[in-house]
Amino acid sequence: MESLGTTLKRNWMYMLTGLLISVFLWVAVSADTVGQQTVLADLVVINADRRYVLTQQVPAANEVSVEFTGRAGDLALLSVSRPQIIVAIDSVDAAQQEVALEPSMVRGGGGRDLGEVRAVSVRPNKLSLEFERRAQRVVPVVPRVRITLADGYAFADSPRADPSAVAVVGPQPSVELIDSVFTVPYQGDRVRQSVNIDLPLDTEEYDSLVTLSLPRVRVTLPIEARHERTFPGVPVRLSRADAGEVRIEPPLLDVRIVGPASRVEAVRAEDLSPEVRFRGPADIGRLLPISLSVPDPFLVVTVEPDSARVVAVGEGSRPR
């Protein structure tokens, strides 16, 4: 008589085939067994009313479960593609609404038909929704650019965004709080040329339901070589036309301008009006400062000398 080991060794293929057939038959029979299974479903709310924004829903999108009935094999497929509960809102009648969740709203993953399984109950079976009026406003874009210039260079203008404004859309209370939109920060060191760069708009501080008409803008910052120019012999005037018989000593001065080349070259002598503020006879003979309105905010202007005296005509430099 053969030993058990010899028998197994000789007939192992037949025994393995029989085992596989048994497993297959068991699986096939089990797949045909009708049963029930509870599965988490994605809650999808579709708001078709463009006048309102959905701001809150209870329960949340992934906190709803559905009980299904069907063959075990079909039920097992629900764990591969999570089912959805589709709630369509055609018109918002109130800021707060309650919707009954019913088995008829359940669809397969991606909105497909459920096939051979059937939804029999939904838990929880009620959905609470809150809405806010949708608002839109156009606000300016503010570039956040921090630049350190290399020696010998100057800013020729302020940073500009293109476009310079964007539309903000979202719940009315949130939109009303926004009066400008910033770019994400940009920093440069020892820069020698103009900056032209695409920067995303920063939305981290806004309500997540707020959207912008554009995600990014083009920021330009003109930078030019620094230039210097001197205007000699510019006449000084008195601030008062009714000063009487007085004169200014010295009557002429030099004006020195430093800044970006294009702006320095655009200045004309007639644009410069140095002035002595003369308040009355008590100022005669006193050394008074000379003021000069800067013709361009990107220019640095100095005068030489920076002060003058108002003297009476025919009386020398002493007051009477």
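The values are calculated or read from the model by the stated rules, or taken from the named source; none is laboratory data. In this text, all values refer to a predicted model and were calculated from it rather than measured experimentally. Positions of Cβ are generated from backbone atoms using ideal geometry, with glycine treated the same way; all protein chains shown enter the neighbour counts. These accessible areas exclude ligands, DNA and RNA; they are computed on the full protein's heavy atoms, side chains included. Shrake-Rupley method; radii C 1.70, N 1.55, O 1.52, S 1.80 Å.
Net charge within 15 Å of residue 207 by Cβ-Cβ distance, Lys/Arg positive one each and Asp/Glu negative one each, not counting residue 207 itself?
That sum, taken over residues with Cβ under 15 Å, equals -4.
For a quick check of your reading of the filter: which trypsin sites (Lys or Arg not before Pro) in segment 85-124 sit in a DSSP loop and have no more than 15 other Cβ atoms within 10 Å?
112
Pick out, from 185, 48, 305, the residue whose Cα sits farthest towards the positive end of the charge dipole of the chain, with +1 on the Cβ of Lys and Arg and -1 on the Cβ of Asp and Glu.
305
Skipping prolines and chain starts, which residues have an amide H placed within reach, meaning under 5 Å, of the one on residue 273, given they are 5 or more residues away or on another chain?
Close amide H contacts, sequence-distant or interchain: 293.
Kindly rank 70-77, 254-261 from highest to lowest mean number of other beta carbons found within 10 Å of each residue.
Final packing ranking: 254-261, 70-77.
Hey, what's the Cα Rg ratio for the chain versus the globular rule of thumb, 2.2 N^0.38 Å?
Compared with the compact-globule rule of thumb, the chain sits at 2.08.
Using Stokes-Einstein with the Kirkwood hydrodynamic radius over Cα pairs, what translational diffusion coefficient do you get for segment 157-243 at 10 °C and a viscosity of 1.306 mPa s, in µm²/s rounded to a whole number?
The Stokes-Einstein estimate is 93 µm²/s.
Probe radius 1.4 Å, ligands and nucleic acids ignored: give me the carbon and sulfur share of the accessible area of the chain as a rounded percent.
Reported share for carbon and sulfur atoms: 52 percent.
Taking amide H atoms as placed 1.01 Å from N in the peptide plane, list the residues 5 or more away in sequence, or in a different chain, whose amide H sits under 5 Å from that of residue 290.
The list, which skips near neighbours in sequence, is 307, 308.
Could you sort 42-50, 214-222 so that the peptide with the highest average Cβ count within 10 Å comes first and the rest follow in order?
Put in order of decreasing packing, that is 214-222, 42-50.
Answer with one residue from 153, 58, 174: the one whose Cα lies farthest towards the positive end of the charge dipole of the chain, charges on Cβ with Lys, Arg +1 and Asp, Glu -1.
Checked the options; the winner is 153.
Using unit Cβ charges (K, R positive; D, E negative) and no other charged atoms, how large, in debye to the nearest 20, is the dipole of the chain about its Cα centre?
Magnitude of the dipole: close to 520 debye.
Along its principal axes, what span do the Cα atoms of segment 86-137 show, with the longest given first and each in whole Å?
49, 22, 14
Would you mind checking which residues have amide H under 5 Å from residue 194's amide H? H placed 1.01 Å from N; only 5 or more apart, or other chain.
223
Contact order normalised by length for segment 179-320, with contacts defined as Cα pairs under 8 Å and 6 or more residues apart; what percent is it?
Computed over segment 179-320, the figure is 21 percent.
Mind putting a number on the dipole of segment 165-320 about its Cα centre? Charges go on the C-beta only, +1 for Lys and Arg and -1 for Asp and Glu, and I need it in Debye to the nearest 20.
Charge dipole, segment 165-320, about its Cα centre: 820 debye, nearest 20.
Counting other Cβ atoms within 10 Å of each Cβ, which GluC sites (Glu not before Pro) in segment 78-184 have at most 16 and sit in a DSSP loop?
Here the GluC sites (Glu not before Pro) that fit, given the DSSP loop and packing criteria, are 116, 176.
In a Debye calculation with equal point scatterers on the alpha-carbon sites of segment 164-320 and no solvent, what is log10 I(q)/I(0) at q = 0.17, 0.20 Å⁻¹?
Results for segment 164-320 at q = 0.17, 0.20 Å⁻¹ read -0.96, -1.15.
Rounded to whole Hz and in sequence order, give me ³J(HN,Hα) for segment 265-270 from the Karplus expression 6.51 cos²θ - 1.76 cosθ + 1.60, θ = phi - 60°, writing x for Gly and Pro.
Karplus-based 3J(HN,Hα) across segment 265-270 equals 5, 7, 6, 10, 4, 5 Hz.
Specify, per residue and in Å³, the volume enclosed by the convex hull of the alpha carbon atoms belonging to segment 51-125.
Measuring per residue, one finds 101 Å³ for the Cα hull of segment 51-125.
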